[in-house]
Every structure is written in C-alpha cells, then in structure tokens.
Amino acid sequence: MKNIHDDIERVLFTSEELVKRAEEIGRQITQDYKGEEVTVIGILKGSFMFLSDVLKNVDLYTKLDFVTVQSYGNGTTSGELRLTKDISADIKGKHVILVEDILDSGKTLKFVKDLFLEREPASIKVCTLLNKKVRKSEVIKADYIGFDVDNVFVVGYGLDYAQLYRNLPYIGELKVEAR
Ligand code: XMP
Ligand code: MG
C-alpha cells in the first residue's frame with residue numbers, strides 16, 4: 001500500500017525545525033508587542049499548523065480570526081482574488097498580524113493587507129512561514145519570515161497539493177510523479 005510519505009522527494013524542513021522556528025517567531029511577537037493586545041488573522045487553509053505553533057508562544061492578550069482567499073485557477077495565484085470568508089470582528093484601532101503559509105508573488109498577502117488597511121487598524125504586520133527567494137514581484141515584504149525557500153513546489157505542515165499533504169508534520173518537495 002502506498003503511503004503519503006512515499007510521494008515526497010526530499011524533506012526540506014523537519015518537524016523539529018519548523019516547531020522551533022515557529023516558537024522563535026512567537027517569542028519575537030511577544031517582545032515586539034509587549035503590553036498590547038493583538039489580533040492574529042490566519043489565511044486559510046495553509047497557515048493553520050504554523051499559526052498554532054506560533055500562537056502557543058505568544059504571551060499576549062490575543063484574538064484569533066481567519067480569512068479565506070480564493071483565486072481563479074488553483075495551486076499558485078494566477079487570476080483575480082476574492083475574499084470568500086471574512087473576519088467577524090472589527091479591527092479598527094487593533095494591532096493586526098496576518099499569517100500566511102508561503103509568500104510567492106505576494107499578491108495574496110497584498111490583497112488582504114490592502115483590504116484590512118481600509119478598516120483603520122492601529123497597525124498591520126505580515127508573518128509568513130515560507131518566503132520564496134525567487135519572487136515574481138516585490139509587491140509586499142513580510143515582517144516575520146520562517147524560512148526562505150527555493151522556487152520548488154512544497155507541501156506539508158499546512159501546505160497542500162490538490163488539498164492533500166497538509167497533515168505532514170514536515171515540509172517536503174513533492175515527487176514529480178505525484179503531481
Ligand atoms: P502569492 O503568489 O499570492 O501566492 O504570494 C501565495 C499562495 O500560493 C500558493 N503557493 C503554494 N502552495 N506550495 C503550496 O502548497 C507551494 O510551493 C506554493 N507556492 C505558492 C499558496 O497557497 C499561497 O497562499
Ligand atoms: Mg495559501
């Protein structure tokens with residue numbers, strides 16, 4: 001019987017490395033926002049595992065919410081973006097931290113950030129687990145970055161291919177024959 005692990009060409013980040021880095025970012029956020037309340041907004045679905053590991057180390061009054069962004073065409077962002085699930089709370093005057101799985105062209109994060117900026121938060125910062133080194137454009141910069149990655153398609157620790165592999169505890173490169 002074939003197993004999901006057999007579809008991985010090589011592991012890029014182990015579970016231990018990912019958790020350790022998420023913990024570091026959580027502690028950094030705690031320091032940066034000392035004494036403040038933060039509103040953490042995860043971009044579904046890819047950010048869920050990273051977000052939970054970061055949050056366990058954020059020792060602040062924290063509100064949590066999620067958005068879903070959909071683009072026409074699947075996989076990486078190609079066409080027009082749409083918010084298919086909005087947050088329920090008002091973020092006016094709040095310190096917002098957006099959390100994403102991977103920053104590729106930056107279009108997704110820029111779209112969400114611009115949308116939320118109109119709602120007059122006290123501040124908005126961007127936190128991404130992965131940052132593709134070869135970027136198609138420089139439309140947005142992340143304030144917190146887990147790791148830089150080469151321009152390969154990665155799955156695991158929240159990231160998917162055709163909605164699969166999100167549950168892998170590590171991040172790996174998918175075998176060509178699995179795509
Ligand atoms: P942009 O270009 O808007 O793209 O920064 C970000 C979105 O594209 C998806 N993406 C990936 N998903 N492995 C994935 O599982 C990848 O290597 C990859 N590269 C881009 C991802 O959904 C992200 O939100
Ligand atoms: Mg995504």
- Message: Can you give me the long-range amide H partners of Leu103? Hydrogens built in the peptide plane at 1.01 Å from N, cutoff under 5 Å, separation of 5 or more residues or another chain.
- Response: Leu130, Asn131, Lys132
- Task: Tell me which residues come under 5 Å, amide H to amide H, from Val69 once H is placed; ignore anything under 5 positions away on its chain.
- Result: Leu44, Thr84
- Pop a pseudo-label 7 angstrom from the Cα along the beta-carbon direction at both Lys110 and Lys85 and give the gap in nm to one decimal. 2.6
- Message: Given a Förster distance of 41 Å, report the FRET efficiency between Asp6 and Glu36 from their Cβ-Cβ distance, rounded to the nearest 0.05.
- Response: 0.35
- Write down Rg/Rh for segment 16-149, rounded to two decimals, with Rg from the C-alpha atoms and Rh from the Kirkwood relation over Cα pairs. 0.94
- Output ³J(HN,Hα) for segment 88-102: one whole-Hz value per residue in order, computed from phi by the Karplus curve 6.51 cos²θ - 1.76 cosθ + 1.60 with θ = phi - 60°, and x for Gly and Pro. 9, 9, 7, 9, 4, x, 9, 8, 9, 10, 8, 10, 10, 6, 8
- Query: Per the helix-only calculation at 222 nm, which mean residue ellipticity applies to the chain, given -39500 (n - 2.57) for every DSSP H run of n ≥ 4 and division by its residues, nearest 500 deg cm²/dmol?
  - Reply: -6500 deg cm²/dmol
- Query: Among rounded, prolate and oblate, which fits segment 74-173 when a ≥ b ≥ c are the square roots of the eigenvalues of its C-alpha gyration tensor, a/c under 1.5 means rounded, and a/b larger than b/c means prolate?
  - Reply: prolate
- Roughly how tilted is helix 107-117, in degrees to the nearest 10 and between 0 and 90, from the longest Cα axis of the chain? 10
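Relative contact order (percent) for the chain, with alpha-carbon contacts under 8 angstrom and 6 or more residues of separation?
25
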- Can you run phi through the Karplus equation (6.51, -1.76, 1.60; θ = phi - 60°) for segment 14-20 and list ³J(HN,Hα) in whole Hz, with x for Gly and Pro? 6, 4, 4, 5, 5, 5, 4
- So, over other residues within a Cβ distance under 9 Å of Ile8, counting Lys, Arg +1 and Asp, Glu -1, the net charge is -2
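We did not get these values from a lab; they are worked out from the coordinates using the rules stated. Source: prediction; values computed, not measured. Cβ sites come from the backbone with ideal geometry, for glycine too, and all protein chains shown count toward neighbours.
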